[in-house]
Structures are given as structure tokens and as C-alpha cells.
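**Student:** Below you'll find the structure I mean.
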Amino acid sequence: MSKSIKVVRGMHDIVPQQSPLWQHLEGAVRQVVQGYGYEEIRMPIVEKTELFVRTIGEVTDIVAKEMYSFEDRNGDSLTLRPEGTACCVRAGIENGLLYNQIQRLWYSGPMFRHERPQKGRYRQFHQTGVEVYGLDGPDIDAELIMMTARLWQLLGLDRLELQINTLGTPVARAAHREKLVEYLEMNRDVLDEESLLRLEKNPLRILDSKNPAMQAMIEGAPQLLDYLDDESRTHFETLKSLLDGVGIEYHVNPRLVRGLDYYQKTVFEWVTTDLGAQGTVCAGGRYDGLVEQLGGKATPAVGFAMGMERLVTLIEDRNLVVPDSAPHAYFVLVGDLAVSHGLTLAEKLRSALPMLRLRTHCGGGSFKNQMKKADKSGAPLVLMIGDDEIAQQQVTVKHLREDQPQTSLSFNALVEYLKKIVTG
């Protein structure tokens, strides 16, 4: 006998026992983003490889090592999307959504990176992203951060630290880059192989290195904050003032540079120490040059993305309350006549109570066997129909989780009874 086929390494199934938590998280996200007036956009999971090479940068780990790229039958190089921002910009340009317009968009779905699997990091992972186009002020940067803070509050998540920084304008970065390269060249013997590759094309990302042997050198590197022009400095100071005004605490981290090449001005991350090495649960910033880089008209842009698996892990680890998704009731049908009668009655109940979660027994079996399955379903109530109930045009109601007397009800009385259960 051949061996069973297993899931691809680094990818995972979300089984029914886990789905309620995911649905709870996704529902909270939808509630928050729609509460701020953002609209959903959906993009394909496969894009042309060139899209990510041009936006993320050839010397990044994502493009150099982690992308799932392949050649299709037409000879085109395609890639499973490793992140959503480039896709969103491409879709915005292609569909005429960006030029001389303001768009507040959000999306959610799977992304793919060939990384070493570990807690909170998978090769197929899910991200929710929020993107704003056409607004260049710090007020919209602040709104996005406020939105994330509201989501943590709704989910009951604490012990998350907000870190912010500014990467300045391209002019400010150019001035800083010159001094940074000069400093790094003087410390060339300390740089690891990866940093040496970045030295020519993207030296700022060396500051993001987690190599312990380089930390002392990185601490002594020139800080971009010292090279900001007036525009960048005013933007950052206004952002901080807006966050102070709503009571959102933050830590200015001058080494926060983000892992993608297209960021400028505001960058931010929400981090936690509860996930080990994978401590970032949400990250974003401003990328005003990206639309033009992909062939569109110059358009200011800012956004963030959050890893859904990491948020799920935090909710699980903290034993936060997740709304119950078990059936409100389980319909036990005893006898052939009861099956026909019960299925019809169940449909009438679902029509009368659209929010009712009602599982109807199928597959036959003894009364005892059906009751076992009813108990296993987690339903607090059993609705029972047999020959006696059919003759009397009633349904018997039995409580499984509470010590209450069994009762028989007419259809109209049953609807009213279940309505109280459904509405709590």
C-alpha cells in the first residue's frame, strides 16, 4: 500500500476546531477596517515575477531566496505573491484607481515565502493589508496606527509595543547614505556576507541585521534622524503629536528600517516578546514613490500588513475568549417518517431564524447513537421528533448542558423559544 500524501513542509491545514478562532479574528478585522470606511480589494495570488523584483528589490532575501517562482507554459516567469502591497499598487494602476484619487483599501489572503518554518512563520501564511493612496500627510499615517490599536483593543490583545521611525525623504536618505557607507566601509571587517552584498545597493538595510556580532558596530552607525530635512522632521513630529493626542504609547526606534526597499518617511511595527524570534505582528509605513516606480503617476501611499497566524497564536496563548460556533441545537430524528418531517421542519426553522445554527442528524441510527452525536456536537439543546411528536405536531426539547426539565413545544412556540437562545 502506498504511503499517504502529507501537507507540503511549511504549510498547514486549518482544521474545523481552529476555524472559529480564525473567523473571530477575520470578523474583528472586517469590523474595524469597515468602521474606518475602507473598501475591500481582491488580487490574484499569482503575479509576474518582475513585479516583485522591481518593487521589493533584487538584493532582498525575499527576491533572492524566498520567492516561489516558476515558468508557465508560455515561458513567462510567474511568482506566488510574497506580499500584498506590490499587487495592490499594480491592481490600482491597471484598474485606474489611483491617479488624482484618494483610495482607502484593504485585502486579506495567503502569501508565500520559502523560509525556514518556525513558530509563527510558515511558507504559506495569511496577511491582512491596508493601503491608502492619494494622501501625503501624517494624519493618515496616524489613522492607520490608530486603526491597529483599536483592533488590538477589540481582540483583547495587550503586551504589544509600537515602534516608530522615519526614513526621511529621498534627499535626506541620500545625505545619510553617504555618511553611512563611509562608516560601514571603515568597519568592513565586521560585516557578514549578507551585509557585504547589501553595502552597495541598500546599505540602510544593514542596520536591520540581527547578527549579534554586528550589533555594537550598528549602534555606532550614523543615525538617519540626524540627517532629516525640514519636511521629514515636521512630518514625523506631527505624527508623534497626533499619537500623543489619542494616548497611543510608542517607542522611537532609530534602527527600524523595514525589510522592503520601497519605504520612506514613516515606518512602524507592533512587536511582542511572546512569540520568540518572530516578534513583529504588524508592520507598515509610507511608500510615496512606489506607484511611479511601477509605471503610474506619482501618488503618495501608506499602509500596513499584519500576519494572521501570529495573531492567532497570540489569541491562543493568552486564552482569550472566542465566540462560540457550536450549533445552537441538534435535531434528532427517530424513524423514517421523522426524517422527512424533521428535514422539512428544520428548513422552516432556518427560514424563521436566519442566525440559528441548527445541525440536523443524517445517516440514521438508534436514538442512543444520535444522542451521543448530539452531545459531541457541543450543542446545548436537542430537538427530538419521533412518531409521538409527529402525531401531536410538536417537537421535544431537551437541555444537554443545563439541569432543566424536558418540554414539548408547537412550531410557533419553538421559534420563540429558540429566538431567545439565538439572541442570548
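The values are calculated or read from the model by the stated rules, or taken from the named source; none is laboratory data. All of these numbers come straight from a predicted model, not from anything done at the bench. Note that each Cβ is placed from the backbone with ideal geometry, even for glycine, and that neighbours are counted across all protein chains shown.
**Student:** Going by the structure shown, is ILE5 outside the structural domain of LEU154 (by TED's automatic domain parsing) and farther than 16 Å from GLN124 by Cα? Break it down into steps so the answer makes sense when it comes.
**Tutor:** Details: outside the structural domain of LEU154 (by TED's automatic domain parsing): yes; farther than 16 Å from GLN124 by Cα: yes.
For ILE5, the condition - outside the structural domain of LEU154 (by TED's automatic domain parsing) and farther than 16 Å from GLN124 by Cα - is met.
**Student:** Follow-up. Say whether the condition of being more than 30 Å from PRO354 (Cα to Cα), modelled with pLDDT under 90 and of a type in the set (Lys, Arg) is met by at least one residue in segment 308-330.
**Tutor:** Yes, some residue in segment 308-330 is more than 30 Å from PRO354 (Cα to Cα), modelled with pLDDT under 90 and of a type in the set (Lys, Arg).
**Student:** Is there a residue being among the hydrophobic types (A, V, I, L, M, F, W, C) and under 20 Å from THR85 (Cα atoms) anywhere in segment 182-198?
**Tutor:** Step one: of segment 182-198, the residues among the hydrophobic types (A, V, I, L, M, F, W, C) are 184, 186, 190-191, 196-197.
Of the ones still in play, those that are also under 20 Å from THR85 (Cα atoms) are none.
Checked segment 182-198: no residue is among the hydrophobic types (A, V, I, L, M, F, W, C) and under 20 Å from THR85 (Cα atoms).
**Student:** Return yes or no: is VAL33 under 28 Å from MET67 (Cβ atoms) and either at pLDDT below 95 or exposed (fewer than 11 other Cβ atoms within 10 Å of the Cβ) (or both)?
**Tutor:** On the way: under 28 Å from MET67 (Cβ atoms): yes; either at pLDDT below 95 or exposed (fewer than 11 other Cβ atoms within 10 Å of the Cβ) (or both): no.
Spelling it out, it is not the case that VAL33 is under 28 Å from MET67 (Cβ atoms) and either at pLDDT below 95 or exposed (fewer than 11 other Cβ atoms within 10 Å of the Cβ) (or both).
**Student:** Within segment 361-394, how many residues turn out to be among the polar types (S, T, N, Q) and more than 42 Å from the chain's Cα centre (by Cα)? Spell out the reasoning first.
**Tutor:** At the first step, the residues of segment 361-394 found to be among the polar types (S, T, N, Q) are 366, 369-370, 377, 392-394.
Next cut, more than 42 Å from the chain's Cα centre (by Cα) only: 366, 392-394.
So the count comes out to 4.
**Student:** Given the structure, is ARG188 buried (at least 18 other Cβ atoms within 10 Å of the Cβ), of a type in the set (Lys, Arg) and not assigned by TED's automatic domain parsing to the domain that holds VAL53?
**Tutor:** no
**Student:** Can you pull out every residue in segment 361-384 that is without any contact (Cβ under 8 Å) to a residue 40 or more places away in the chain and closer than 20 Å to LEU409 by Cα?
**Tutor:** Scanning segment 361-384 gives HIS361, PHE367, MET371.
**Student:** Could you please find all residues in segment 284-329 being closer than 30 Å to ARG159 by Cα, among the hydroxyl-bearing types (Ser, Thr, Tyr) and outside any helix (DSSP H, G or I)?
**Tutor:** TYR287, SER325
**Student:** I'd like to check something: does segment 344-351 contain any residue that is surrounded by fewer than 15 Cβ atoms within 10 Å (Cβ to Cβ) and touching a strand residue (DSSP E or B) at 6+ places or on another chain (Cβ under 7 Å)? Even if it seems obvious, please write down each step before you answer.
**Tutor:** The first filter runs over segment 344-351 and keeps only residues surrounded by fewer than 15 Cβ atoms within 10 Å (Cβ to Cβ), leaving 344, 347-348, 350-351.
Imposing the further condition that a residue be touching a strand residue (DSSP E or B) at 6+ places or on another chain (Cβ under 7 Å) reduces the set to 350.
Checked segment 344-351: at least one residue is surrounded by fewer than 15 Cβ atoms within 10 Å (Cβ to Cβ) and touching a strand residue (DSSP E or B) at 6+ places or on another chain (Cβ under 7 Å).
**Student:** So, one more: Can you say whether THR79 is assigned by TED's automatic domain parsing to the domain that holds VAL267, among the β-branched types (Val, Ile, Thr), in contact (Cβ under 8 Å) with a residue 40 or more places away in the chain and at negative phi, as far as the supplied structure shows?
**Tutor:** Values: assigned by TED's automatic domain parsing to the domain that holds VAL267: yes; among the β-branched types (Val, Ile, Thr): yes; in contact (Cβ under 8 Å) with a residue 40 or more places away in the chain: no; at negative phi: yes.
When the stated conditions are applied, THR79 does not pass them.
**Student:** Check TYR417 against each of (1) in contact (Cβ under 8 Å) with a residue 60 or more places away in the chain; (2) over 26 Å from GLN17 (Cα atoms) and name the one condition it does not meet.
**Tutor:** All conditions pass for TYR417, except number (1).
**Student:** Quick check on segment 353-360. Is at least one of its residues in contact (Cβ under 8 Å) with a residue 40 or more places away in the chain, surrounded by 18 or more Cβ atoms within 10 Å (Cβ to Cβ) and in a loop (DSSP other than H, G, I, E, B)?
**Tutor:** yes
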